[in-house]
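Taken together, the values in this text are just the output of simple stated rules run on the coordinates, not laboratory data. These figures come from a predicted structure and were not determined experimentally. Ideal geometry is used to build each Cβ from the backbone, glycine not excepted, and the neighbour counts take in all protein chains shown.
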Amino acid sequence: MFPILAMLLVGTGCLNPFAPQLGEAGGSQVPDAVTIGGMLELFKYSYITKDSLYYSQLLDSSFVFQYYDAVNSRYDQWYRTTDLKATAGLFSNYEVIDLNWYNLPPGDYNFNFEDSLKQILVNFNLTLDNTVIYGFARFDCYKKSGSKFKIVAWKDDF
């Protein structure tokens, strides 16, 4: 009896029935940025899960974010490092973040050509707790040979 009990304890002692299977992230697959659609899905995934590591993988080293400064009535911009800090602040200051993309043509969604710069315009709604923001994002995306899409420039239009 003791050997059977010992085998059961040793065989199941490291089993955690609540742990996700290897490769699972909360029961969902992490999107892959090999297409424009995959890049947008990874962007959405990083926002919803508040994962700044995945978000940072989307931004090219030369990344520029351009936005309209309503106070000064002009466009302004910042670069990758500032964007990562701002996004980390966004992730930590809101309990609920949701992001949805709309009106991206199927040809753009499935675009996967290497060594190509592709500009896309996509509608979005971003929910930050109880506030919903609607707008347009214009992305300049580049995919190096054998790599994944990176965002080179992002112009936000509300």
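What to note about this one:
- Electrostatic tally near S52: other residues with Cβ closer than 13 Å to its Cβ, Lys and Arg +1, Asp and Glu -1, net +1.
- With contacts taken as Cα pairs under 8 Å at a separation of at least 6 residues, region 30-157 carries a relative contact order of 29 percent.
- Separation of region 78-96 from region 113-145 is 16 Å, based on Cα centroids.
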